[in-house]
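Chemist: If you scroll down you'll find the structure; I have some questions about it.
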Amino acid sequence: MHWNLKVRIIRLWIVLDKFKPKIPYTLEIILQDEKIILIQIVFIYSI
């Protein structure tokens, strides 16, 4: 199955690890598609 989406990045931010403040913990992104539907994506860093 293949999906093609046209999206725009609405907001992007990095959440720092609370135990190691200089290390990123997650990258969070809010996307908006053509029909104004919002999608949240969270990438968890693994070190």
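Only the coordinates and a few stated rules stand behind these numbers; no lab work does. For clarity, every value in this text was computed on a predicted model and none was experimentally measured. Virtual Cβ from ideal backbone geometry, glycine too; neighbours counted across all protein chains shown.
Chemist: Sort the following peptides by mean Cβ neighbour count (other Cβ atoms within 10 Å, averaged over residues), highest first: 3-14, 25-36.
Modeler: The packing order, highest mean first, is 25-36, 3-14.
Chemist: Continuing with this model, one more query. What full-extension length gain, to one decimal in nm, is calculated for SER46 and ARG8 as 0.36 nm per residue of separation minus the Cα-Cα distance? Spell out each step's value before the answer.
Modeler: Details: separation 38, 0.36 × 38 = 13.68 nm, distance 2.62 nm.
Working it through step by step, the gained length comes to 11.1 nm.
Chemist: Hey, another quick one. Based on C-alpha coordinates, I'd like the Rg and Dmax of the chain, in Å.
Modeler: For the chain, the Cα-based Rg and Dmax read 13.6, 40 Å.
Chemist: Can you tell me, using C-alpha contacts under 8 Å and at least 6 residues apart, the relative contact order of the chain as a whole percent?
Modeler: Details: 76 pairs, mean separation 15.4, N = 47.
RCO, the chain: 33 percent.
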